[in-house]
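Visitor: Here it is, the structure in full.
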Amino acid sequence: MRKLTSLLALCFLVSANALWAGEPDEASAKSETAESMLKKEKTSTSDDDSYKKFRFGGYGEMVASFKDYGINRFFGGNRGNSDDHRNTIAIPRFVLAFDYKFNSKWILGAEIEFESGGTGTAVELENSENGEYETEIEKGGEVALEQFHITRLIHPAFNVRAGHMIVPVGLTNAHHEPINFFGTYRPEGETTILPSTWHETGIEFFGTFGKGYATFDYQALIVTGLNANGFDRNNWVAGGKQGFFEVDNFTSPAYVARLDYRGVPGLRIGGSFYYCVNTASNSDKVATYAGVKAPLRIYTVDGQYKNKYVTARTNFVFGNLTGATAISNKNKGLSNSSPYTRVVQVAKKAVSYAGEVGVNLRSICNGNKKVPVIYPFARYEYYNPQEAGEKGQLPMDKRNQVSMWTAGLNWYALPNLVVKADYMTRQIGTDKVFGKGKYNSENEFSIGIAYVGWFIKK
């Protein structure tokens, strides 16, 4: 906890004496939510980012990485990942977003996401094999409906949304667009132990209360709970997000609450809580976890401070899964044809915390327009999907304990278009901020480009 306290202090104290400006803005195709639109409509008639009937836009990312480690940290031996040199290039996501106002109170919102270029299959006639028909996978990505919901705006303090929506647990899920974090990739700790982007079907109540220095935003949701079939050693509960089948199990829904303080210009401090009474009852087959009860609790705290000189962010995630031993014993016996990894043990506790700080070179050069908007930044993360097991479980695998640094540059060629470059190093098997772990380190250099924006507004 002393390390965590120091990390929080670093992120906020470095920027405590600066004046607020906000360049570049935390803008995105979906960051102006229905609740923020309602507040603007109540207070302003000349908002440049408003729309009367509909708007269409989205965001996307492209990344190339150069790595000095192999593809399997857990393969044999006691060195961790093998020393290997390999390069990768990908389009992690391309998202199309659409909002439509039926009238001033009823709003439709939708997002469709193409991950890693999308997915596809093809049926081919193999004449060389006696004219047999074969179905082949043409692409290995994913196409997902990330959001699809109807919002009823009632009052700034109370509104309702129903449908498929983002689960606002943690910093990254609540602010997942690519200009809302510095690195070429999303913060690794959160996205290892939690689904990302986490979207579920249900109902949400949201609004804003207070005024001036006592202004708060809140969200309260009842959504589809996670499925214990997908829990594993390496990603804790991240693989428990449902969606493999045409319908999701709603036997044990999840209850989510989030509160954000926004009373000080440039500052946002938030916290969230997730609770599912029994993740085992959301399994694909009812008999899989007969007699097992596995409640899941996730607690998060995060914050951001932003002025024209500095942007600082921090987050903390702690999760507790009761019944981890029983879930592990059942999951290792899942069918070989199931879509889950079956890699156990599943831990009782998982943790992730991180902090990043970036400095705006233009602002420290007195706003000289000849100086581009470039943010040198540094980020520290610690995470472990096997932080602690239940009594009687085998020792947790130290190869899941990661302490990592990322440093690089973000060049905002436009307010909503950023070119990124960074160097990352992971130390495996240690909880030290500085210092080498028990296993081989993993290092990579990455470059990328990302954008976000509304293309058409009417």
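None of the figures in this text is laboratory data; all of them are computed from the coordinates on show. Just so it is clear, the model here is predicted, and its values are computed rather than measured. Ideal geometry is used to build each Cβ from the backbone, glycine not excepted, and the neighbour counts take in all protein chains shown.
Visitor: With the cut-off at 26 Å, tell me which of the pairs Lys241/Lys330; Lys306/Lys432; Lys52/Lys308; Lys105/Lys211; Lys308/Lys432; Lys67/Lys398 have Cα atoms farther apart than that. The partial results should precede the final answer.
Guide: On the way: Lys241/Lys330 18 Å; Lys306/Lys432 28 Å; Lys52/Lys308 31 Å; Lys105/Lys211 23 Å; Lys308/Lys432 32 Å; Lys67/Lys398 22 Å.
With Cα atoms farther than 26 Å apart: Lys306/Lys432; Lys52/Lys308; Lys308/Lys432.
Visitor: Taking 25 Å as R0, compute the FRET efficiency from the Cβ-Cβ separation of Asn320 and Phe244 and round it to 0.05. Present the calculation step by step, with values, prior to reporting the outcome.
Guide: Values: r = 25 Å, r/R0 = 1.02.
After rounding, the FRET efficiency stands at 0.45.
Visitor: So what is the relative contact order of region 131-238, in percent, for Cα pairs below 8 Å that sit 6 or more residues apart?
Guide: Values: 150 pairs, mean separation 26.0, N = 108.
Rounded, it is 24 percent for region 131-238.
Visitor: Something else: Report the extension gain between Lys436 and Ala257 in nm, rounded to one decimal, defined as 0.36 nm multiplied by the number of residues separating them, less their alpha carbon distance.
Guide: Values: separation 179, 0.36 × 179 = 64.44 nm, distance 3.81 nm.
Gain in length upon complete extension: 60.6 nm.
Visitor: Rounded to the nearest 0.05, what FRET efficiency is calculated for Lys457 and Ala413 with R0 set to 25 Å and r the Cβ-Cβ distance? Walk me through the numbers on the way to the answer.
Guide: Numbers: r = 22 Å, r/R0 = 0.88.
Once the sixth-power term is evaluated, E becomes 0.70.
Visitor: Please identify every one of the chymotrypsin sites (Phe, Trp or Tyr not before Pro) in region 52-116 that sits in a loop by DSSP and has no more than 14 other beta carbons within 10 Å of its own beta carbon. Working shown, then result.
Guide: Values: sites: Phe54, Phe56, Tyr59, Phe66, Tyr69, Phe74, Phe75, Phe94, Phe98, Tyr100, Phe102, Trp106, Phe114; in loops: Phe74, Phe75, Phe102.
Counting only loop positions with at most 14 other Cβ atoms within 10 Å, the chymotrypsin sites (Phe, Trp or Tyr not before Pro) in region 52-116 are Phe74, Phe75, Phe102.
Visitor: Compute the distance in nm between two label points, each set 7 Å from the Cα along the Cα-to-Cβ direction, one at His85 and one at Val277.
Guide: It works out to 5.8 nm between the two label points.
Visitor: Along the Cα→Cβ direction, 7 angstrom out, place labels at Ile364 and Phe54. What is the inter-label distance in nm?
Guide: About 4.6 nm separates the two model spin labels.
Visitor: Highest first, please rank the peptides 329-335, 285-291, 340-346 by the mean number of other Cβ atoms sitting within 10 Å of their residues.
Guide: Details: 329-335: 16.0, 285-291: 12.6, 340-346: 20.1.
Result, highest mean Cβ count within 10 Å first: 340-346, 329-335, 285-291.
Visitor: Taking the Cα centre of each part, how many Å lie between region 141-164 and region 66-82?
Guide: Comparing the Cα centres of region 141-164 and region 66-82, I get a distance of 42 Å.
Visitor: Which of the trypsin sites (Lys or Arg not before Pro) found in region 192-242 are loop residues per DSSP with 11 or fewer other Cβ atoms within 10 Å of their Cβ?
Guide: Working: sites: Lys211, Arg233, Lys241; in loops: Lys211, Arg233, Lys241.
Passing sites in region 192-242 are Lys211.
Visitor: D for the chain, whole µm²/s, Stokes-Einstein with Kirkwood Rh over alpha-carbon pairs at 20 °C and 1.002 mPa s: what number? Each step should come with its number before you reach the end.
Guide: Working: Rh = 23.5 Å.
It comes out at roughly 91 µm²/s.
Visitor: Measuring from a point 7 Å past the Cα of Val160 along Cα-to-C-beta, which residues in region 191-216 have an amide N at less than 16 Å?
Guide: Label zone hits: 202-207.
Visitor: Cα atoms only: what Rg and Dmax, in Å, come out for region 138-281?
Guide: For region 138-281, the Cα-based Rg and Dmax read 16.2, 55 Å.
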